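Let me begin by presenting the structure, written as structure tokens, before commenting on it.
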Amino acid sequence: MSNQAAILKERNAQLTIEERPIPKPGANELLVKNAAFATNPVDWKMQSSGYLIESYPTILGSDIAGTVEAVGSGVTHFKKGDRVTGFADVLVSKNPDNGAFQQYTILKDCAVTKLPRSMSFEEASILPMSVATAAVGVFLALDIPRPPAKHQGGFLVWGASSSVGTAVVQIATSLGYTVYGVCSPRHSAYVKKLGAHETFDYSDPSVVKNITQSLKAANEHAVLAFDTISEHGSAPMCAEVLEAFGGGKLCLTLPYPEDVKKPEGVEVSSTYAARVTTDSQDFGRWLFNEWLEKSLADKTYVPSPAIEKVDGGIQAVQKALDIHKKGLSGKKLVLTV
Ligand SMILES: NC(=O)c1ccc[n+]([C@@H]2O[C@H](COP(=O)([O-])OP(=O)(O)OC[C@H]3O[C@@H](n4cnc5c(N)ncnc54)[C@H](OP(=O)(O)O)[C@@H]3O)[C@@H](O)[C@H]2O)c1
């Protein structure tokens, strides 16, 4: 048996396909035979800039779905043959065995979810990064009590059609919040289908005024916001909305712009998906082994956004990263291995 992998040999090099040994799982790890993987913006960012990479060669990729091939001695929740999706954490472990873009990947058991029979590997492969980023932001950065706690009030999601944004919309809706999404009009119906109460067009120069007026007219307060874009001025605009309601908490996916003053009364924090396999493994276990597994089974959480397949398997990972780098709109790229 061999393990074909898309290898990154140096900063900004094209990926090359090579054989490498099939890795062995440690005590709390699983070896997964990948059936599908998805791309994320961090993949092309790491490739082109060397961001988060300590040494070469390495293997990129965070999102996989496949079949468990072997489990370590400490793994109790999974067995050989289980269909799973999981967060491949090469970006923090720095170990190429944990990279997604190969035939076999080692996953930590705290970031793996068993799949319902009805769910394809392609659909499932888009879950780990988006769910981890959204949930770390909601439950750890914004510090919102987990279910079964229920909540009320307005929750602003900027970038509601993005991969992370669609996950935040679903999670915030399931918690009981009234979700206000910021996205292009062409994605409004989809974002509302996922649970958003109302959406606002981010290209409208009056978007901040439109949001605050609409919430005030509905007698609603926005004290929570999640900016999944965190670029092009979105973070200060989210802060402005919160400020209009006397302040609140704002979670970002990227740092707040250094040259813009943070408004008084707005508490700014950041999400980081990889916390599920580092400082917050117990949270990861709850999220992936319990909450997501149950939510997929009872369909209270669905993979989002829509998937677009890139043909060609591992050989086509470079093509997929090149497409992603140009920008995606309301979709996620998936490769069948
Ligand atoms: N901190 C972490 O752990 C973490 C984890 C994952 C991702 N991230 C970062 O989070 C960002 C989002 O990642 P992603 O995978 O969710 O991205 P994505 O799905 O590729 O984002 C594309 C979507 O964002 C929308 N969009 C673009 N600019 C917008 C704006 N100014 N306002 C509102 N919506 C806008 C686009 O809609 P239109 O086409 O309609 O414009 C499109 O649907 C990236 O920078 C990524 O690197 C961070």
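Looking at (1) under 20 Å from SER234 (Cβ atoms); (2) assigned by TED's automatic domain parsing to the domain that holds THR113, can you tell me which one ALA297 breaks?
(1)
Do we have THR278 as under 15 Å from the mean Cα position of the chain (by Cα), within 16 Å of the ligand (Cβ to nearest atom), more than 25 Å from LEU335 (Cβ to Cβ) and of a type in the set (Val, Ile, Thr) here? So that I can check it myself, show each step before the final result.
On the way: under 15 Å from the mean Cα position of the chain (by Cα): no; within 16 Å of the ligand (Cβ to nearest atom): yes; more than 25 Å from LEU335 (Cβ to Cβ): yes; of a type in the set (Val, Ile, Thr): yes.
So THR278 fails the test.
Considering every residue within the range 137-154, establish whether at least one is touching a Lys or Arg at 6+ places or on another chain (Cβ under 9 Å), away from the ligand (no atom under 15 Å from the Cβ), among the aromatic types (Phe, Trp, Tyr) and farther than 16 Å from LEU242 by Cβ.
no
Could you list all residues from the range 51-66 that are among the aliphatic types (A, V, I, L, M) and within 18 Å of GLU18 (Cβ to Cβ)? Walk me through how you get there before you give the answer.
Pass one, the range 51-66, residues among the aliphatic types (A, V, I, L, M): 52-53, 59-60, 64-65.
ILE53, ILE59, LEU60 - these are the residues of the range 51-66 that are among the aliphatic types (A, V, I, L, M) and within 18 Å of GLU18 (Cβ to Cβ).
One line per residue, one yes/no per condition, for (1) within 16 Å of the chain's Cα centre (by Cα); (2) among the aromatic types (Phe, Trp, Tyr):
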{"site": "PHE288", "(1), (2)": "yes, yes"}
{"site": "THR300", "(1), (2)": "no, no"}
{"site": "PRO303", "(1), (2)": "yes, no"}
{"site": "LYS309", "(1), (2)": "no, no"}
{"site": "GLN315", "(1), (2)": "no, no"}
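Would you mind stating whether PRO128 is in contact (Cβ under 8 Å) with a residue 12 or more places away in the chain and either touching a His at 6+ places or on another chain (Cβ under 9 Å) or surrounded by fewer than 24 Cβ atoms within 10 Å (Cβ to Cβ) (or both)?
no
Go through THR76, THR39 for me and flag whichever is in contact (Cβ under 8 Å) with a residue 24 or more places away in the chain and either under 20 Å from the mean Cα position of the chain (by Cα) or away from the ligand (no atom under 16 Å from the Cβ) (or both). Explain how you work it out, then say what you get.
Working: THR76 fails: in contact (Cβ under 8 Å) with a residue 24 or more places away in the chain.
None of the others qualify; the one that does is THR39.
If you scan the range 139-153, which residues turn out to be in contact with a helix residue (DSSP H, G or I) (Cβ under 9 Å, 6 or more places away or on another chain) and either part of a loop (DSSP other than H, G, I, E, B) or surrounded by 24 or more Cβ atoms within 10 Å (Cβ to Cβ) (or both)?
Of everything in the range 139-153, those that are in contact with a helix residue (DSSP H, G or I) (Cβ under 9 Å, 6 or more places away or on another chain) and either part of a loop (DSSP other than H, G, I, E, B) or surrounded by 24 or more Cβ atoms within 10 Å (Cβ to Cβ) (or both) turn out to be ILE144, PRO145, ARG146, PRO147, HIS151.
Checking the structure you have, find out if any residue of the range 209-221 is within 14 Å of the ligand (Cβ to nearest atom), more than 27 Å from LYS299 (Cα to Cα) and outside the structural domain of LYS309 (by TED's automatic domain parsing). Show your work before the answer.
Let us first name the residues in the range 209-221 that are within 14 Å of the ligand (Cβ to nearest atom), namely 210-211.
Then drop every residue that is not more than 27 Å from LYS299 (Cα to Cα), which leaves 210-211.
Still in the list and also outside the structural domain of LYS309 (by TED's automatic domain parsing): 210-211.
Yes, because at least one residue in the range 209-221 is within 14 Å of the ligand (Cβ to nearest atom), more than 27 Å from LYS299 (Cα to Cα) and outside the structural domain of LYS309 (by TED's automatic domain parsing).
The values are calculated or read from the model by the stated rules, or taken from the named source; none is laboratory data. Owing to the predicted nature of the structure, the values given are computational and were not obtained by experimental measurement. Counting neighbours? That spans all protein chains shown, and the Cβs are built from the backbone with ideal geometry, glycine included.
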